[in-house]
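Here's the structure, in structure tokens; my notes come after.
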Amino acid sequence: MLKNKEKYVEIGSMLAELHLNYENQPSWSDVEVVISSDTPNYRVTKMKHPKKGDLDTIIYNEHITITNIPEKAYDYVVNGRPAIEWIIDQYRVKTDKKSGITDDPNEFSDDPKYILNLLLSIITVSMRTLELIDELPEFEVIES
């Protein structure tokens, strides 16, 4: 039998709820979205960090910059890579050299803010997941 089984069940349920509803998570409290235009364009071409190692900021596009991203959020890794980096890498316009087909993530949704909101949600999911994992008690099997 597992010691503190109820705590594992409670945290597991919270993690399941968080991950099943990842697209609906609010922006992490300290993260700021800086918009430099009165009529911003939410279209993304290729997101990037301002410079290598500057993880607290993501340049979303020419009008939008996301700042105050906790570096700890990059500790949440999915398949060998931070979840935030997956979003940055996969949600960009790219054209296949061989076929000439363009993959444009801006076409995935009718909501022009979908990709921005997804990135903000993933920052929250990353932080909240790490917090919940930290709350797990030491894994200990007790004899019955």
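Of note:
- Prolate/oblate/rounded call for the chain, Cα gyration tensor, a/c under 1.5 rounded: prolate
- Rounded to the nearest 10 degrees, the angle from helix 114-135 to the longest Cα principal axis of the chain is 20 degrees.
- Given +1 at the Cβ of Lys and Arg, -1 at the Cβ of Asp and Glu and no other charges, the dipole of the chain around its Cα centre is 660 debye to the nearest 20.
- Phi angles across the range 42-51 convert, under the Karplus curve 6.51 cos²θ - 1.76 cosθ + 1.60 with θ = phi - 60°, into 3J(HN,Hα) values of 8, 5, 10, 9, 7, 6, 7, 7, x, 7 Hz, Gly and Pro given as x.
- Relative to the longest principal axis of the Cα atoms of the chain, the long axis of helix 5-20 makes an angle of roughly 10 degrees.
Throughout, read-outs are computed from the coordinates displayed, never taken from laboratory work. None of these values were measured; they are calculated from a predicted model. Cβ sites come from the backbone with ideal geometry, for glycine too, and all protein chains shown count toward neighbours.
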